Structure formats: C-alpha cells, structure tokens
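Nothing in this text is a laboratory measurement; each read-out follows from the coordinates by a stated rule. None of these values were measured; they are calculated from a predicted model. Note that we place each Cβ from the backbone using ideal geometry, even for glycine, and neighbour counts take in every protein chain shown.
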Amino acid sequence: MARNEEKAQSMLYRFREAQAAELGLGTRADRRPRMASACKSLRDCERWRGEILREISRKVSKIQDSGLTDYEVRDLNDEINKLMREKRHWENQIVALGGANYRRNVAMLDDDGKEVPGTKGYKYFGRAKDLPGVRELFQSRKIDEDEDNQTLSFYKKFMNQGPAYYGDLDQEDGVLLESERLAEEEEWEEAYTTLREVLGLPEDEPIPQMPRHESSSSTADDPSASAVQSKRKAETDDGAIVDSEPSPSDKRPKKVTAEATISSSNPADQLQEAFLHAQTAASYIPFLSAESLLPPKMPTRVEMEQVLLDLKKKALVEEYFGNEKSAAT
C-alpha cells in the first residue's frame, strides 16, 4: 500500500487539487487553522470568520428539519455552539490585528425573529428548544419571570412617590402643629396636677402657662411676620395709635444683629437669667431655695490651669524632697 506522501505526488491527486482550486473549494494546504492566534494576516482572519458564519447558517437551517432524531438535534446544536465559540476567537484575533470590532452585544434571533434562549453562553437553536428537559427549563424560567413582573407591578405604585407620600409636607398646613401644641398643653397640665398632689400644694392654685421658646429663625423665614413687625403700631400716651417706622437698628444686616446678640450674652446676664429661672422654680417647690436650684458653677480656664499647675508642683516636691521630709519626721 502506498504512503500518503506518495499518494500526494500522484498525477490523479494533483489533478483533483487543481480542479478543486478552480471550483473555489478549499484544498489541503488551504484549511482553516485550529488556533486563531496562529493566523497573522487580517485578510485571512476575515475570510475564516466568513466561512464560519456560512457554516453556522447552514447548520441552523439543517437543525430545523423535523426528520432528525433527538440525538442528531443535540449533536447539531453542540456543533453550532462550538462554531460560535470559534467565531469569537477569530473576532478577538481580528481586533488584535487592528481590524474591525465584531464583538457587539447584539441579541441573536432565530427564524421567527425571537431571541435565541440559553444560559451561560450556550444557546438552543431550532428543534433543540423542544428537546426533553430543555422545554421544562424555559417554562420554569418563564414562570419565575411572570412572578417577578407581577411583584414589580404590585409594588410599582409605591415607587417614585413625592415628599407628600412620606409626610414631609404635613407641617405646611399647620394642622399637625396645632394638634401637637394641644397635646403638649394636655401633658403639661397632667404633669403639673401630679406634681401638685405629690408636693401637697393647694388645689385652687392656677396652673401656670407652659413656657415656650419661639425661635427667631421662624420670624426671619416668615415674610408675613417680618412685614407685620415692620408695620407695627405704637400707642401714645393719649391713647392714639400711630404707625411707627422701623428704627435704623432694624434695617441693619442680619449678620450685624446676630453679632450684637452674641456680644450682649455675657456671663453676668446669663447668671442673672439662671437666677430668675431658679426663683420661678423655687416658688412652686417650697422646701427648696433658689440658690440650691442654680446650675453648678463651672471653673474657668484660668482656674483649671492654676489647679493643674499646683498639682504638678506638689508632685515634683514629693518626688525630690519626699524622702527627706519622711526622714526628718
């Protein structure tokens, strides 16, 4: 039996190769390389990619045949996915050689115009979607997608809501503030009644008003309040009401007013205000004096530094002269 090399040198073999080249068919020397990285010609890479695309198209048309068995359909589907992976390798090599970028995330469609289903890169074509086990896989996935869509449609009405949905605009109409004010007054009266019973105070004594600290920022933010203040009326000694113009001090910038307020709050004024609060509280509690209700006096920075200095001096004296003192005694 002749060897393969001897067969290749025969006249009939060379005639068949020449005939195949004239017909445009690939010869032995013109086969597609197994490794895409081995091809360094951009033109050849484009040609091999086109050949793979033609093979994929031919096999996708063949897999639609209803006369194929399930085993043949599975083998064809595996071959198509293998060709798809090989096509990606050639596309990567084309990009590496400076060619066009064919790696686009475009959905793959079948003959009906629907996207080819699959998981983790493996696709099912034609009759492969109706194979046993594959049909159940896609049906369960479709059921899960329908459930997710129903859940999303149910909760969609709660999404992208405005500030009114979360109660951020409840204070604008003033109803909530009024109800909170009434609730505070009721709690104040109830707490004072309980305290009066505990301390044994006379019941005919009127309940004092709840102290409220109105912030100056509300007046500054409310233009209507500032307009009322600018047009306030002053009553004269005769009882006549005269419109008073705003004083020059009211026309100063807010920054200057704030600085004046901060500078006026000196420690003496703060101490006087604390003493007045203590006297007010002591009037409701007979067995306590105003001095006992005053806040504790905090040492100043200078006093604290003096105390620390004295402690350090004492420690140094004990360190250097402690033994002598103990020996002398």
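Taking 0.36 nm per residue of sequence separation and subtracting the Cα-Cα distance, how much length would be gained by fully extending the chain between residue 209 and residue 31, in nm to one decimal?
Details: separation 178, 0.36 × 178 = 64.08 nm, distance 10.18 nm.
Gain on stretching residue 209 to residue 31: 53.9 nm.
At most 10 other Cβ atoms within 10 Å and a DSSP loop assignment: could you name the GluC sites (Glu not before Pro) in region 165-205 that fit?
Here the sparse-neighbourhood loop sites are 172, 203.
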Loop-only GluC sites (Glu not before Pro) in region 272-314, please: DSSP not H, G, I, E or B, and at most 14 other Cβ atoms within 10 Å.
291
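Loop-only check: which trypsin sites (Lys or Arg not before Pro) in region 135-218 are DSSP coil with at most 11 other Cβ within 10 angstrom? Display every interim value, and only then the final one.
On the way: sites: 135, 141, 142, 156, 157, 181, 196, 212; in loops: 212.
Sites meeting the loop and neighbour criteria: 212.
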Pull out the extension gain between residue 135 and residue 175, defined as 0.36 nm times the separation in residues minus the alpha carbon to alpha carbon distance; nm, one decimal.
8.3 nm
Could you work out how far apart the two model spin labels at residue 318 and residue 57 are, taking each label as a point 7 Å from the Cα in the direction of the beta carbon, and quote it in nm?
10.0 nm
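Given 59/129; 59/87; 40/123; 62/142; 87/142, which pairs have Cα atoms separated by over 23 Å?
Numbers: 59/129 15 Å; 59/87 14 Å; 40/123 30 Å; 62/142 27 Å; 87/142 30 Å.
Check vs 23 Å cut-off fails for 40/123; 62/142; 87/142.
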With R₀ set to 51 angstrom, the calculated FRET efficiency between the beta-carbons of residue 96 and residue 142, to the nearest 0.05, is 0.80
Working out 0.36 nm times the residue gap between residue 38 and residue 69, then minus their Cα-Cα distance, what length gain in nm do you get to one decimal?
7.4 nm
